[in-house]
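For reference, the structure discussed in these notes is given below.
The values are calculated or read from the model by the stated rules, or taken from the named source; none is laboratory data. Just so you know, these numbers come straight off a predicted model, no measurement behind them. Positions of Cβ are generated from backbone atoms using ideal geometry, with glycine treated the same way; all protein chains shown enter the neighbour counts.
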Amino acid sequence: MTYLKRAWAETHLNRIKTNVDNFKRFLASETELLCVVKANCYGNGDDAVVPYLESELDIKWFAVSNIEEAKHLRDIGISHEILILGYTPPEYAKELVDYDIIQTITDESHAKELSECSPNGKKVRAHCAVDTGMTRIGVCERDLNKACDIIERISKLSGIRLEGIFTHFASADSDDEEDINYTQNQAEQITAVSYELKKRLVKLDQIHFLNSAGGIYHSSGRSTLARLGIIMYGLKPNSALEVPFKLEPVLDFKACVSMVKEVESGVCVSYGRTYTTTKPTKIATIPVGYADGYPRFLSNKGEVLIHGKRARIIGRVCMDQMMCDVTGIDVKVGDVATLIGTDGVETITADDIAEIGNTIGYEILCNISKRVPRIVYNKGKEVDILKY
Ligand SMILES: *Cc1c(COP(=O)(O)O)cnc(C)c1O
C-alpha cells in the first residue's frame, strides 16, 4: 500500500513498549496493566496499536470510551477484556452481552435499566463507577455506607454480573499538597468501599483507581488494575511535572513542502494579512492545516523543523495549508517538515504545541484528523498504513 506524501503521522510501536515497560516498574506486583485505547488510541491508530499490545506486549485488559469503539476492537480480532469507561444506553445490553464487553455503571438507575434490558437469562458484565471526587460519573454518596448499599443492590440485579468497582482521580498529576491529599483521599474512599463490600460478601474481581499519573505518583497495590493512557503514548500527564523516566512520544507528524519562494520586504502572508515581511524572506508552503488537526492557534506562533532547523509559521494557519519562514535554510519542494517529532538535534512535542494554545498534549494528539494517514513502524521498519 502507498500513501500520498502530503501530511502523515508516524506511529512507532517499539516506543510504546519502552513507555509501557518503564511504567510497569512503578506498579505493585498485585496491579495488572489495563491499556486505555479510546479515541483511536489518542490519535495513534488503534487498528495497529491494540493488536500490538495484545499480541506483542501480552496485555489482557483494554478500555475504550463507548460501545462503538469496543465493538470495533472485537471486529479487528481483539479477544481479551474490554471495559467501556463511559455510559452506554440500556438498549445496547444485548450487544454488550453478545460482544462480551464489560460496561461501566454510572448510577443505580443505569444499572436497573441495563439489567431489565439484558437478554433472557444473560447478565451484562459490569464495573460500577464510584464518584470519590471527580463528579463525572459513578455512584455519588458522601456516606460510604450508603454507597455500599447501592452497590450491594446493583450486585443483586438479575441482569447484571458486577465484577468490579473503580474510581477516577481528578488531580493525580499535580505536586500541589492539597491536590496530593485530595488524591489520597479518593484512593482511601474507594478502598474503604471495597473493604465494606467484602464484609458484606459482595464478591469483586477488580478494584481499580490508578491512571497514568496515579501509577507513577500514587502507586498502590490496592488497585488491581492500572488504567494506562497518556504515558503509554509517550506524553506527560502534566507537562509541568517531570515523569521519573524518559518518555518516548509514539507519534510523529510530518508533511512535505509544497512550494518555496523568495519575496521582498513588505509582503503580506495568509488570511487577514496578520503577517508582513520586514526583510527579503524565503517562504515555504506546507500542505497541512486545521482540517488535519493542526491547531489554528499556532498562527504566527508555532514552528516546524526542516533540515534540523526551526522555521516559524508566518500568517494564519489555513484549513489545508500554512506558510513558514525558511530564510537561511536550504529548502526545496518535497523536503520533509516535522510538525511533531525530532529532526537532528531539534524536537517539537505535542506538549510544546499545547502550551502555545493553553491546552494539553492529549488534545493535540486526539485532534489529528482522519485525513492524516498513520504510517506504522516497528523498530524503524514500516509495518502498516492506516487510512481512514
Ligand atoms: C481516559 C481515562 C484514563 C486514562 O487516563 P490517562 O491520564 O491518559 O492515563 C483512565 N481512566 C479513565 C476512567 C479514563 O477516562
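A few notes on this one:
- Unmet criterion (only one of (1) without any contact (Cβ under 8 Å) to a residue 24 or more places away in the chain; (2) of a type outside the set (Ser, Thr, Tyr); (3) under 23 Å from Lys282 (Cα atoms)) for Asp352: (3)
- Within the range 116-169, the residues that satisfy the criterion of being within 18 Å of Lys94 (Cα to Cα) and either within 13 Å of the ligand (Cβ to nearest atom) or basic (Lys, Arg) (or both) are Lys122, Lys123, Arg125, His127, Arg161.
- Thr31 meets all of the listed conditions (1) of a type in the set (S, T, N, Q); (2) free of Cβ contacts under 8 Å to residues at least 60 places away in the same chain; (3) buried (at least 18 other Cβ atoms within 10 Å of the Cβ) but one, namely (2).
- Condition met for Arg222 (farther than 18 Å from Leu365 by Cα, at pLDDT 95 or above and touching a Leu at 6+ places or on another chain (Cβ under 6 Å)): no
- Meets criteria (among the polar types (S, T, N, Q) and over 29 Å from Ile137 (Cβ atoms)) for Thr2: yes
- Selection within the range 151-188 - over 26 Å from the mean Cα position of the chain (by Cα) and buried (at least 18 other Cβ atoms within 10 Å of the Cβ): Ile151, Ile154, Ser155, Leu157, Gly159, Ile160, Leu162
- Failed condition for Ile286, given (1) away from the ligand (no atom under 12 Å from the Cβ); (2) closer than 30 Å to Thr132 by Cβ; (3) in contact (Cβ under 8 Å) with a residue 40 or more places away in the chain: (2)
- Ser171, sole failed condition from (1) under 21 Å from Cys35 (Cβ atoms); (2) of a type in the set (Gly, Ala, Ser); (3) free of Cβ contacts under 8 Å to residues at least 40 places away in the same chain: (1)
- The set of residues in the range 189-201 being aliphatic (A, V, I, L, M) and buried (at least 19 other Cβ atoms within 10 Å of the Cβ) consists of Ile190, Val193, Leu197.
- Top-ranked residue of the range 28-47 - restricted to ones that are touching a Ser or Thr at 6+ places or on another chain (Cβ under 7 Å) and away from the ligand (no atom under 13 Å from the Cβ), ranked as farthest from Ile84 (Cα to Cα): Ala28
- Failed criterion for Ile313 (all others in (1) of a type outside the set (Ser, Thr, Tyr); (2) exposed (fewer than 15 other Cβ atoms within 10 Å of the Cβ); (3) assigned to a strand (DSSP E or B) hold): (2)
- In the set (1) within 16 Å of the ligand (Cβ to nearest atom); (2) at positive phi, the condition left unmet by Gly272 is number (1).
- Count of the range 225-247 residues, restricted to those that are away from the ligand (no atom under 14 Å from the Cβ) and assigned by TED's automatic domain parsing to the domain that holds Thr191, is 0.
- Note on the range 266-307: residues that are part of a strand (DSSP E or B) and under 16 Å from Val336 (Cα atoms) amount to 8.
- The range 192-224, subset among the aromatic types (Phe, Trp, Tyr) and part of a helix (DSSP H, G or I), residue nearest to the ligand (Cβ to nearest atom): Tyr217
- Selection status of Ser270, surrounded by 14 or more Cβ atoms within 10 Å (Cβ to Cβ), among the small types (Gly, Ala, Ser) and touching a strand residue (DSSP E or B) at 6+ places or on another chain (Cβ under 7 Å): yes
- Selection within the range 238-259 - assigned to a loop (DSSP other than H, G, I, E, B) and closer than 26 Å to Val50 by Cα: Asn238, Ser239, Val243, Pro244, Phe245, Lys246, Leu247, Glu248, Pro249, Val250
- Qualifying positions in the range 318-343 - surrounded by 16 or more Cβ atoms within 10 Å (Cβ to Cβ), among the aliphatic types (A, V, I, L, M) and within 25 Å of the chain's Cα centre (by Cα): Ala337, Leu339, Ile340
- Per-region count, the range 23-47, residues among the basic types (Lys, Arg) and part of a loop (DSSP other than H, G, I, E, B): 1
- Against the test of being out of contact with any Pro (no Cβ under 6 Å at 6 or more places or on another chain) and either within 13 Å of the ligand (Cβ to nearest atom) or not in a helix (DSSP H, G or I) (or both), the options Val50, Val20 yield a single qualifying residue, Val20.
- Residue within the range 281-288 that is at positive phi and not charged (D, E, K, R) present: no
- Qualifying positions in the range 58-80 - closer than 19 Å to Ile16 by Cβ and within 16 Å of the ligand (Cβ to nearest atom): Ile59, Trp61, Phe62, Ala63, Val64, Glu69, Leu73
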